[in-house]
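Enquirer: One structure, as structure tokens, below. Some questions next.
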């Protein structure tokens, strides 16, 4: 992503774009992990809350290397929220709720960011194309939309330890052959997936397509 910013923009646009991108990453990661902690607490597991993770303070969730990787390669991660499924009042319901919480919040943020992006473009950038302040807000909402959709899609991949794995786990038997295979080889599969994503950018393309759909929707309404 950093290379894209440096390639597409120049002058004062570059630092403004980098700041907007970093803010978007911070919000997306922080709210995603907070949602996991909150859902776990509501399901009966206080582990994350006791460890100070049920907070919207970014310092509790951001992982430096994961943030840098997102900036450099468009792929990154935050600190996983610690949970103890044995504390859930109902394992399958709790596991599903906790797993879906993060990606759901990313979808909601992406949805509203797409609306704010369209409004800023339609009523701000087009009217004041040379205003750096308006352009910075426009770029921030664009990145907030894109990053949240990308994070949502990435976490829905059914590979351990991503949310997609735990979602699938909520509907399968414990001794399911596929789930056992993915669990045992999770790190290797995740590394392969990360390499595929870096070289193909398929998550970025899907996130861009979803963003385009929402923008088209807002365009048809306003």
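Throughout, read-outs are computed from the coordinates displayed, never taken from laboratory work. Here the structure is a predicted model, which is why all the values come from computation and not from measurement. Counting neighbours? That spans all protein chains shown, and the Cβs are built from the backbone with ideal geometry, glycine included.
Enquirer: For the pair residue 42 and residue 111, how long in nm is the line joining their label points, each one 7 Å along Cα→Cβ?
Expert: Between residue 42 and residue 111, the simple spin-label model gives 1.4 nm.
Enquirer: Could you please rank 200, 26, placing first whichever residue has the fewest other Cβ atoms within 10 Å of its Cβ?
Expert: 200, 26
Enquirer: Using the 10 angstrom Cβ neighbour count as an exposure proxy, how do 121, 135 rank, fewest first? Intermediate values should be presented prior to the final figure.
Expert: Details: 121 18, 135 22.
So the residues, fewest neighbours to most, are 121, 135.
Enquirer: Turning to a different aspect of this structure: Share of Cα-Cα pairs in region 1-83 beyond 16 Å, in percent? Don't skip to the answer; put the middle values down first.
Expert: Details: 1856 of 3403 pairs.
Beyond 16 Å sits 55 percent of the P(r) for region 1-83.
Enquirer: Further question on the same structure: Expressed in nm to one decimal, what extension gain is obtained for the pair residue 79 and residue 132 from 0.36 nm per residue of sequence separation less their Cα-Cα distance?
Expert: Additional length available on full extension: 15.7 nm.
Enquirer: For the ranges 50-57, 93-100, 149-156, 215-222, what's the packing order if you count other beta-carbon atoms within 10 Å of each residue, average per peptide, and put the highest first?
Expert: By packing density, highest mean first, the sequence is 149-156, 93-100, 50-57, 215-222.
Enquirer: Once Rh for region 77-133 is found with the Kirkwood sum over Cα pairs, what is the Stokes-Einstein diffusion coefficient at 10 °C and 1.306 mPa s, in µm²/s?
Expert: It comes out at roughly 108 µm²/s.
Enquirer: Once both labels are modelled 7 Å past Cα along the beta-carbon direction, what's the residue 56-residue 157 spacing in nm?
Expert: Spacing of the two 7 Å Cα→Cβ label points: 3.0 nm.
Enquirer: Taking 45 Å as R0, compute the FRET efficiency from the Cβ-Cβ separation of residue 89 and residue 19 and round it to 0.05. If you can, show how the numbers build up before the last one.
Expert: Details: r = 43 Å, r/R0 = 0.95.
After rounding to 0.05, the efficiency reads 0.60.
Enquirer: Taking the Cα atoms only, what angle lies between the long axis of helix 202-221 and the longest principal axis of the chain, rounded to 10 degrees?
Expert: 60 degrees
Enquirer: Same structure, new question: For each of 170, 114, 43, count neighbouring Cβ atoms within 10 Å of the residue's Cβ, then give the residues from fewest to most.
Expert: 170, 43, 114
Enquirer: Please grab the % of Cα pairs in region 2-221 that end up more than 31 Å from each other.
Expert: Beyond 31 Å sits 25 percent of the P(r) for region 2-221.
Enquirer: Relative to the longest principal axis of the chain, what angle (0 to 90°, nearest 10) does the C-alpha long axis of helix 132-155 take?
Expert: 20 degrees
Enquirer: What value in Å³ per residue do you get for the convex hull of the alpha-carbon atoms in region 126-222?
Expert: 131 Å³
Enquirer: When the label point is put 7 Å from the Cα of residue 191 along its Cα-to-beta-carbon vector, which residues of region 151-175 have a backbone N closer than 19 Å?
Expert: So the set is 159-162.
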